[in-house]
Amino acid sequence: MSYKLTYFDVPGLAEPIRFLMAYLDIDFEDNRIGYQTWSAVKPSMPFGKVPILEIDGQVLNQSSAITRYLARKAGLAGIDDWESMLIDIAVDNVHDFRHEIAVYVFTERKNCDAESNSSKIKEITKFYMEKFESIVTINKGFFVNGKLTWADLFFVAISDTLSDMAKIDILEGRPNLQTLKTQVLSIPQIKTWVAKRPEPSVLF
Ligand SMILES: N[C@@H](CCC(=O)N[C@@H](CS)C(=O)NCC(=O)O)C(=O)O
């Protein structure tokens with residue numbers, strides 16, 4: 001089968017998909033669009049957004065649906081409906097955090113002085129990251145049920161982008177999340193991917 005992933009030249013919402021494809025040893029074309037060409041490419045996307053994944057020419061959008069599909073193939077999507085739901089909840093909580101940071105960064109930050117900027121970002125980060133740290137502590141180092149699921153891969157894959165957007169290290173002072181990150185990054189396929197992936201463009 002042929003796999004072609006299209007996104008910008010940054011980790012962002014594509015990186016969880018890249019992590020899952022690496023985990024599954026799927027050889028994929030990593031098509032990275034420059035921001036200068038985006039306006040020309042956008043109309044050809046199903047909903048005007050990326051990432052999209054083409055599998056044998058079938059164009060798929062919505063990063064969570066794509067990542068979940070790959071996670072099912074990897075056996076990382078839960079052993080039953082209940083566990084799958086817990087994983088989805090964990091992922092959506094991280095998405096809410098990402099969304100709040102993104103809304104702030106792309107709309108409000110430019111109107112703020114540096115001090116109120118950092119206090120707002122710190123407030124959002126503290127709210128979510130304290131909860132994530134506590135969830136991972138209770139769940140023996142993982143987001144759900146004391147074992148590796150795609151929620152863990154998703155969080156680690158997107159954490160660098162969140163830190164870049166927030167302009168602070170979101171993992172600072174969160175030892176269990178740091179350990180989770182180290183653990184995910186030491187999975188051999190993920191380690192190989194991270195070692196060979198291109199240096200991203202600077203976005204924020
Ligand atoms: N719910 C979609 C959101 C996709 C999305 O917002 N993509 C952004 C990049 S992270 C995008 O394409 N922005 C460019 C634009 O809207 O023109 C998903 O998870 O795939």
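The values are calculated or read from the model by the stated rules, or taken from the named source; none is laboratory data. Being a predicted model, the structure only gives us computed values, none of them experimental. Virtual Cβ from ideal backbone geometry, glycine too; neighbours counted across all protein chains shown.
Here are the numbers:
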| read-out | value |
| --- | --- |
| Sole exception among (1) modelled with pLDDT of 95 or more; (2) more than 18 Å from the chain's Cα centre (by Cα); (3) not hydroxyl-bearing (Ser, Thr, Tyr) for GLY34, by number | (1) |
| Residue that is nearest to LYS73 (Cα to Cα) [pool: residues in the stretch 133-151 that are in a helix (DSSP H, G or I) and out of contact with any helix residue (DSSP H, G or I) (no Cβ under 6 Å at 6 or more places or on another chain)] | ILE135 |
| Any hit, the stretch 163-175, residues being within 24 Å of LYS147 (Cα to Cα), out of contact with any helix residue (DSSP H, G or I) (no Cβ under 7 Å at 6 or more places or on another chain), assigned to a helix (DSSP H, G or I) and not assigned by TED's automatic domain parsing to the domain that holds ASP9 | yes |
| Some residue of the stretch 41-60 being under 19 Å from the mean Cα position of the chain (by Cα), of a type in the set (Lys, Arg) and more than 8 Å from the ligand (Cβ to nearest atom) | no |
| Residues of the stretch 1-29 that turn out to be of a type in the set (Asp, Glu) and without any contact (Cβ under 8 Å) to a residue 60 or more places away in the chain, as a count | 2 |
| The stretch 61-78: number of residues that are more than 8 Å from the ligand (Cβ to nearest atom) and of a type in the set (Ser, Thr, Tyr) | 2 |
| 3 or more residues surrounded by 15 or more Cβ atoms within 10 Å (Cβ to Cβ): qualifying helices (runs of 4 or more DSSP H) within the stretch 1-81 | 15-23, 63-74 |
